[in-house]
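Beneath this line is the structure, given in C-alpha cells, with notes to follow.
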Amino acid sequence: MAKCIALVLVLLVAGGLGQTPTTLRDTVPGEFPSVVVVKTPTSRRYCLGTVLNAYHVLTAAPCVMTSDNMRIFPPRLVRVIGGDLAIMPVGLHRQTRTVEHIFVHENYRPHTNENSFAVIRLAEPFHLPSNAIEEVQIQTRILPDGHPCDVVRWFRPAGTGEPTSVPRQQAFNVNIQNRDVCNTRRSWERIVQEDQLCMELTTTGFATIEGDLMYCDGRLAAILSFRWTLTQNNVQTVHIAATQPRFHIHWIDQQLNRTQPMPEGWNPVEF
C-alpha cells in the first residue's frame, strides 16, 4: 500500500512540473498594462519594455543598442509607446514619448548575455493614473520549478498587407524549468546563470527576441536573454533563458536618480 501511495505522489509531482501545451494568443486591454514598445531605427524596432514609474522604463540592453551591440542609440532616436496593443490603428489611450537618457548596465556582456538591462528616462512623463498604462510590480519571490507564467512579445510579421499581420502585442504560456536540467540540454557555451530562469516550449514556431517579458502571477519575473533549439530523435524543443530583475533591484533603483550620463564612447564589446 505504501509503495502505491509513493508511486502516485511521484506521478503527481512529475505531472505538476510538466509543460502544458503552449498556446499563442493576442492580449486584451488591461492584461499587461505596464508593457510598452521601445522603437529604434533598427530591426529591433519592436522591442518591449516595462514601466517602472512615470519617467522610467526598464528593457533589455540590446533594445537600445545598435545591431552590433557596440553603441547606445542617441536618445533622440528612440521612442517609447505605451497604452496600445497594436501599431495600427492608433488607440485612444496611446501615449508616445521621446527619450532623454539611456542607462545600460555597465557590466552588460553581449557574448554571454549577462546583466542585460537598460533603464530609459523619458523626456516627458507618462500621464498616470491611466486606464491603459500602469507601473510594473516586480516579482521578488523565488519561483518553483513548474510554475506557470506568460511571455509577452510583439508580433513581428514577415509580410504586410493583411489586417492580421499588423504588429501587435501577444502572449503565450510557459512553465519554469529546472535550471540545472536546462544546462544539460544546451548545445553551446552559454549557460543559464543563477539570476536567470529557464523555460521549455512545446511549440517551436514562436519567435522571441531579447527584451520580451515574462510575467508570473501578474508580476514581472524576467526579461528574455537568449534561446536555443535542441533536436533529439528528430524532435525539436526550444529553451529560453530570461534574467530576473529581482537580482538587480539595487542597480535599477540607482538609475532612477542618476544624474551622470553613460560614459562617452562606452562599448560593452571591448570588455
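The values are calculated or read from the model by the stated rules, or taken from the named source; none is laboratory data. Note that the structure is predicted; figures quoted are calculated from it, not measured. A quick note on method: Cβ atoms are made from the backbone with ideal geometry, for glycine too, and the neighbour counts reach across all protein chains shown. Accessible surface is based on the protein model in full, side chains and every heavy atom, while ligands, DNA and RNA are left aside. Shrake-Rupley method; radii C 1.70, N 1.55, O 1.52, S 1.80 Å.
At a glance:
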{"quantity": "Acute angle (nearest 10 degrees) that the helix 2-17 long axis makes with the longest principal axis of the chain, alpha-carbon atoms", "calculated": "20"}
{"quantity": "Pair HIS127, GLN254: separation of 7 Å Cα→Cβ label points (nm)", "calculated": "3.6"}
{"quantity": "Three-way shape call for the range 26-161 based on the alpha-carbon gyration tensor, with the a/c threshold at 1.5", "calculated": "rounded"}
{"quantity": "Residue-level accessible surface for TYR55, protein heavy atoms, 1.4 Å, Å²", "calculated": "110"}
{"quantity": "Karplus-derived HN-Hα couplings along the range 255-265 (A = 6.51, B = -1.76, C = 1.60, θ = phi - 60°), whole Hz, x at Gly and Pro", "calculated": "5, 5, 10, 5, 10, 9, x, 4, x, 4, x"}
{"quantity": "More than 22 Å apart - percent of Cα-Cα pairs taken over the range 168-240", "calculated": "19"}
{"quantity": "Isotropically averaged projected area of the chain, using the convex hull of Cα atoms (one quarter of hull area), nm²", "calculated": "16.9"}
{"quantity": "Anisotropy class of the range 208-271 from Cα gyration tensor, a/c 1.5 cut", "calculated": "oblate"}
{"quantity": "Rounded to the nearest 20 debye, dipole of the range 199-266 from Cβ charges on Lys, Arg, Asp, Glu", "calculated": "80"}
{"quantity": "Among THR66, PRO268, ALA222 the positive-end extreme of the charge dipole of the chain (Cβ point charges)", "calculated": "THR66"}
{"quantity": "Relative contact order [Cα under 8 Å, 6+ residues apart], the chain, whole percent", "calculated": "21"}
{"quantity": "Label point at ALA86 placed 7 Å out along Cα→Cβ; residues across the range 25-56 whose backbone nitrogen lies under 14 Å", "calculated": "26-29"}
{"quantity": "Calculated [θ] (222 nm, deg cm²/dmol) that DSSP helices of n ≥ 4 give over the chain, each run adding -39,500 (n - 2.57)", "calculated": "-3000 deg cm²/dmol"}
{"quantity": "Theoretical FRET efficiency, 1/(1+(r/R0)^6), r = Cβ-Cβ of SER67 and ASN107, R0 22 Å, to 0.05", "calculated": "0.55"}
{"quantity": "J(HN,Hα) series, the range 167-181, from Karplus relation 6.51 cos²θ - 1.76 cosθ + 1.60, nearest Hz, glycine and proline x", "calculated": "x, 7, 7, 9, 8, 9, 7, 9, 10, 5, 9, 5, 4, 5, 5"}
{"quantity": "Per-residue ³J(HN,Hα) for the range 71-82, Karplus 6.51 cos²θ - 1.76 cosθ + 1.60, θ = phi - 60°, Hz, x for Gly and Pro", "calculated": "8, 7, 4, x, x, 5, 8, 10, 10, 10, 10, x"}
{"quantity": "The chain - accessible surface per residue (Å², probe 1.4 Å)", "calculated": "50"}
{"quantity": "Student exercise, the chain dipole from Lys, Arg, Asp, Glu Cβ charges, in Debye to nearest 20", "calculated": "320"}
{"quantity": "Share of carbon and sulfur in the accessible heavy-atom surface of the chain [1.4 Å probe, %]", "calculated": "55"}
